[in-house]
Amino acid sequence: MSSHSPAPPACNGITPLQQMVASCSGAILTSLFVTPLDVVKIRLQAQKNPFPKGKCFVYCNGLMDHICVCENGNSKAWYKAPGHFHGTLDAFVKIVRNEGMKALWSGLPPTLVMAVPATVIYFTCYDQLCAALRVRMGDCAQEAPLLAGAIARVGSATVISPLELIRTKLQSQKQSYRELTDCIRSAVQTEGWLSLWRGLGPTLLRDVPFSAMYWYNYEKGKSWLCEHYKTSEPTFTITFVSGAVSGSIASIVTLPFDVVKTRRQVKLGELQAKNLSCQDSSTFSVMSRIVAQDGFGGLLAGFLPRLIKVAPACAIMISSYEFGKAFFRKRNQERTLGPLQTSNT
């Protein structure tokens, strides 16, 4: 036997670093697949209602939302309106024909800057928390994914919120990093540290229930499919289907909060871009205003686009993440068993 053996992996046969690598690769892969859908959606939206300077819109790759501020209407290829589109397929064809395939991923860099760290924090925290809670919750261990998913989302959203605020200011005002630092310091002195987390409330109201439902339904669906197909380890297809179904259910249930969150986020972004003070109204007052103006149907605005985007994004992200974990788990087992088999021969 060798004088020392490798340290055992921390959780589920893999280390936290390997979980981070798996989630990072999953986030990049998901962004590559889903970003073209949002680029086309924004082009269609800009064609119908051109974005004036200082106007904000939400850009989302299926993993998280980003506020984008228009500067002059045409400087950013991913929200300018270059021509007349007659639908989603027509937009795809014309963008590729006139601007090249690369244009479909023109919003990818700013997305990855925010989405990758948020996803790494979120998925790694979830796995670590879920493993710890399963041990401590005993008979209630089946509810561990629900609690772990909610806590992990609170953590990742809280960490990323100030970065989103800083990125919005950089984009809208073209400041140097020194000027941005002075601006943030001034905001903190006048409004306190909590000003860096403005808009976090509606984000949590949507994302925490989504995360709790998503992970609970995903784990349940994965277990049921494994039993149905009599397999001890979930296949790529099982994780893909479980992720798509659980993501669809969670997105439908949390849609009203998504509508409210989008409206508040856009309003806050526009005020920040114009250096105006943000008098934040509560989530439920915004919800009441939407119902008064558009009826209860207004709370379900964007149902189909959200479902079309979230379902494949969740499926691609979780299946690629599980594939990455399985790869590292197998590699760790081979490395651990290798010296033992050598010593026995």
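The values are calculated or read from the model by the stated rules, or taken from the named source; none is laboratory data. A quick note: this is a predicted structure, and the numbers were derived from the prediction, not measured. Positions of Cβ are backbone-derived with ideal geometry, glycine not excepted, and every protein chain shown enters the neighbour counts. The accessibility values were calculated without ligands, DNA or RNA, using every heavy atom of the protein model including side chains. Shrake-Rupley method; radii C 1.70, N 1.55, O 1.52, S 1.80 Å.
Rounded to the nearest 10 Å², what accessible area does Phe284 have for a 1.4 Å probe in the complete protein model?
Result for Phe284: roughly 120 Å² accessible.
Sorted by average packing, counted as other Cβ atoms within 10 angstrom per residue and highest first, what order do 314-325, 244-255 take?
314-325, 244-255
Of Asp258, Asp139, which has the most accessible area with a 1.4 Å probe, and how do the rest follow in descending order?
Asp139, Asp258
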